[in-house]
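Heads up: the structure comes next, in structure tokens.
The values are calculated or read from the model by the stated rules, or taken from the named source; none is laboratory data. Predicted model, so just to flag it, every value in this text is computed and none were measured. Backbone-built Cβ (ideal geometry, glycine too); neighbour counts: all protein chains shown.
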Amino acid sequence: MVQLSGAMMVPLSPLHESIRKQTAKELIRDKLVALIASGILQMDDEIPSERELASMLSVSRETVRGAIQRLVGEGIVQVSQGARTRVAKVDVTIAARQIGIANPSAINGYDLQAVHGARLLVEAATVHDATLRISDEDIDRLKASLEVQRASKNDPVRFLICDREFHLTIYYASGNRLLADFVVDLYTYMLDHRRAAMGKPGAIAQSLRDHEAIVAALSSRDPGRVADAFRQHILRIYETTVALGPSKPKKKLSKNRK
């Protein structure tokens, strides 16, 4: 366990490893910026309340408040009298350690079939290792996340915030930082489309059922069962994205892109 400045006691897991080099407020600031950069939070969107974000991100309200104050100072979010905090700027960068390898929008330069195929291969290896290494504390965190997801079942934005934390907790439990970072890049693919897809009737309920199956599989410590649960989940993500219509890369990638 480690004590974070301005935050609750949190078990040291691979997902929280970077906390040792950042304050909790900086880490949550970066998480919120990543939600904007990936398209989960968009221009003029209302930010969930401090209480909601604290539950979604497994930190204290004080930590969330400090992170939002930083974002207000940077002009990324805006607080209006008598209204919720809103996104005021979407051209953002993550000042501290970025989760993932590439810029959050870089993965959108690839076509859907390529990303789907890569997720099936890379995510299977990642969740296999995560099943063998994940801590009881992280499983408890995932179970708590399911409760928050159930409370967010009528709000695609809030659900996707929970969804991102849910997936990242599992990826980084694998213990392989590079592999997890790569899977995070694949996860961020066309999240603006995912947001639209989650607004379809029954979409959130189905994702929640998938997540429940994943947590049950992880609790059994059966890598094959976990891989099957993730494979079904990834297939559903692919199908719902296809159902929104043909997707084209938003920009061409340079041959020299790192």
Quiz item: Of all the residues that make up region 144-155, how many are modelled with pLDDT under 95 and either under 28 Å from D129 (Cβ atoms) or buried (at least 19 other Cβ atoms within 10 Å of the Cβ) (or both)?
Solution: 1
Exercise. Go through the residues of region 112-132 one by one and say whether even a single one is assigned to a loop (DSSP other than H, G, I, E, B) and either at negative phi or modelled with pLDDT of 95 or more (or both).
Key: no
Quiz item: Out of all the residues in region 24-74, which are outside any helix (DSSP H, G or I), closer than 28 Å to A106 by Cβ and either aromatic (F, W, Y) or free of Cβ contacts under 8 Å to residues at least 40 places away in the same chain (or both)?
Solution: E74
Quiz item: So A213 clears everything in (1) at pLDDT below 95; (2) surrounded by fewer than 18 Cβ atoms within 10 Å (Cβ to Cβ) except one condition, right? Which one?
Solution: (1)
Exercise. Return a yes/no flag: does region 49-61 have any residue that is touching a helix residue (DSSP H, G or I) at 6+ places or on another chain (Cβ under 9 Å), over 22 Å from P156 (Cα atoms) and among the β-branched types (V, I, T).
Key: no
Quiz item: Can you name every residue in region 180-209 that is surrounded by fewer than 17 Cβ atoms within 10 Å (Cβ to Cβ) and either closer than 20 Å to T169 by Cβ or of a type in the set (K, R) (or both)?
Solution: D181, K200, R209
Practice problem: Exactly one condition in (1) in a helix (DSSP H, G or I); (2) more than 28 Å from N176 (Cβ to Cβ); (3) modelled with pLDDT under 95 is not met by E17; state its number. | Solution: (2)
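Determine whether E62 is of a type in the set (D, E, K, R) and within 19 Å of the chain's Cα centre (by Cα).
On the way: of a type in the set (D, E, K, R): yes; within 19 Å of the chain's Cα centre (by Cα): no.
For E62, the condition - of a type in the set (D, E, K, R) and within 19 Å of the chain's Cα centre (by Cα) - is not met.
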